[in-house]
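The values are calculated or read from the model by the stated rules, or taken from the named source; none is laboratory data. Keep in mind that what you see is a predicted model, and the values were worked out from it rather than measured. Here the Cβ positions follow ideal geometry from the backbone for every residue, glycine too, while neighbour counts run over all protein chains shown.
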Amino acid sequence: MDLFTLITFLIVVAAFFSYVNTRLLKLPDAIGIMVLSLIFSVLILGVNAIYPARFTLLKEGLEQIDFGRVLFDVMLSFLLFAGAFHTDSSRLKVERRSVMLFAFVGVLLSTAMVGTGLYFMASLFGFTLTYPLCLLFGALISPTDPIAVLGILAKFKLPENVKINIVGESLFNDGVGVVLFASIYRIVVNGPESVSAGEIALLFLEEAGGGILFGLALGYGMFWLLRTINHYQTEVIITIAGVMGGYLLAQKLHISGPLAMVVTGLFVGGYARQGAMSHTTEEYVDKFWELIDSILNALLFVLIGLELLLIDIQYNYWMIAVVTIVLVLMSRFMAIWIPFRLARRWLDLDDKAPIMLTWGGLRGGLSIAMALSIPEALPHKDLIVTITYGVVLFSVIGQGLSMERLIRRLYPTDMDELKKTAVPGAQ
C-alpha cells in the first residue's frame with residue numbers, strides 16, 4: 001500500500017467515523033471516533049481469524065506507519081499550538097502556581113510510584129521486570145496527554161479554575177515526561193552508569209528551559225510579523241510557518257519542541273489577538289486552527305483504535321494491564337493530593353479538585369508513541385506496549401465517558417448554573 005493510498009484510507013475512515021458519531025452516537029469526538037475504530041478493529045480481527053488473507057494488505061499498510069514519528073514529528077506541533085492558542089492565557093496565568101506544581105512535582109511523584117508499584121506487581125503475574133524498565137513505563141504513562149484532555153474536556157461543563165488546571169497541566173507536563181523518559185531510557189539501554197543526576201538536571205534545563213525561552217522568542221516574532229500587516233491570508237500562512245519552522249528548529253537545537261509550541265500558542269493566542277489581529281484575521285485564524293485541530297484529532301484517534309490490529313494479544317498481558325490501570329489511577333491521585341495538601345494555602349482550588357484532576361488526567365497517543373519507540377531488542381517491549389494501550393483505552397473511553405457524571409456529582413451547583421446559561425431564556 002503506497003503512502004497516498006494509506007493517507008486516503010485513514011482520511012475516509014476518519015470522516016466516516018466522525019459522521020456516524022455526530023449523527024448517531026453523539027459522543028465527544030475523540031471518544032466516539034476511538035470507540036468506532038476499536039469496533040472496526042475487533043471486527044477485522046474476527047473476520048481475519050476465519051479468513052486470514054483478507055486483511056493482510058491493511059495490516060501491512062498500518063505496519064508502514066511509524067506511529068511515534070507521525071505523532072512527534074508531524075501531528076504534535078500542530079495539535080499543541082492549536083490547543084494552546086485556544087486556551088485562555090490570562091486565566092492560566094492566575095492558576096500558574098498550581099499548574100506548574102502539578103506539571104513538575106506531580107509527574108515526578110507519579111513516575112516513581114507507578115514504576116515501584118509495577119516492579120513489585122509484575123512478579124505476581126510471572127514477569128521479571130527490571131526496576132529501570134518499570135520506571136520507564138512510569139515516565140511514559142504519568143504525563144497527561146494534552147491532545148486527549150483538550151479533545152474531551154472541551155465538551156464538558158466544569159468550573160473554570162479546575163478546568164484550566166487540568167488543561168494547563170496537560171500542556172506543560174509532557175515536557176517533564178519526555179525528559180524523564182529520555183533519561184531513564186538511557187539507563188535501561190546502557191546501564192545506570194550511563195547517566196548521572198547532574199546530566200539529568202542539565203538535560204532538563206536544556207530541553208524544558210530552552211523550549212520555554214525559544215517559545216517566547218518565536219511567539220514574539222510571530223506577534224511582530226502579524227502586527228505589521230493586515231491581510232488574513234498571509235497571517236494564517238505566518239502561523240503555519242511559525243509552527244512548522246519553529247518545531248523543526250527546536251528539534252535541531254535539541255530543545256523541547258512541544259513546550260516551545262505550547263508557549264508560542266499561548267503567546268500568540270493571548271497577545272496577538274489583542275494587539276496584532278483585526279477582527280477578520282482573528283476569525284479566520286481561529287477557524288483555521290480549530291479545523292486543523294479537529295482533522296488531526298480524528299486521524300490520531302483512528303490510528304490509536306487501529307493500533308489494536310498490531311498489538312500482540314495475550315491473556316496474561318491484558319490481566320496485568322487491568323491491574324496497572326488501578327495502579328496508575330492511585331498513583332495519579334497521590335501525586336496530585338500530596339503537593340495539593342502541602343501547598344494548600346497558596347492554591348485557589350477546593351478539596352474536590354484532586355479527584356477531578358485525577359479522573360480528568362487522560363492518557364492518549366503520546367504515551368503509546370513513547371511505548372512504541374522502545375527498541376524491539378529490549379525485553380518485554382510487547383508487555384509495556386500492551387499495558388500502555390490498556391491504560392490509554394480505559395483513560396479515553398472509561399474516564400472520558402464518565403466525566404460528566406463525576407462533574408455533576410462533585411459540582412452540582414456549577415452544572416445547574418452552566419446549564420441555565422447555555423439555554424436561551426432559562427431562569
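Details
- D293 meets each of the listed conditions (1) part of a helix (DSSP H, G or I); (2) in contact (Cβ under 8 Å) with a residue 24 or more places away in the chain; (3) under 25 Å from the mean Cα position of the chain (by Cα); (4) farther than 30 Å from V20 by Cα apart from (4).
- Screening S123 with (1) over 22 Å from L266 (Cα atoms); (2) touching a residue at least 40 places away in the same chain (Cβ under 8 Å) gives one miss only, at (2).
- Members of segment 124-134 that are surrounded by fewer than 11 Cβ atoms within 10 Å (Cβ to Cβ) and part of a helix (DSSP H, G or I): L124
- 3 or more residues within 24 Å of C134 (Cα to Cα) and touching a Ser or Thr at 6+ places or on another chain (Cβ under 9 Å): qualifying helices (runs of 4 or more DSSP H) within segment 162-278: 197-204
- Failed item in (1) over 16 Å from L303 (Cα atoms); (2) of a type outside the set (G, A, S); (3) assigned to a helix (DSSP H, G or I); (4) at pLDDT below 90, with L62 passing the rest: (1)
- Scope segment 48-93; condition within 18 Å of the chain's Cα centre (by Cα), surrounded by fewer than 16 Cβ atoms within 10 Å (Cβ to Cβ) and β-branched (V, I, T); matching residues: V74
- Conditions (1) closer than 17 Å to F181 by Cβ; (2) under 22 Å from the mean Cα position of the chain (by Cα): number failed by H380: (2)
- Restricting attention to segment 193-239, the residues that are farther than 19 Å from N173 by Cβ, crowded, with 16+ Cβ neighbours inside 10 Å and among the hydrophobic types (A, V, I, L, M, F, W, C) total 8.
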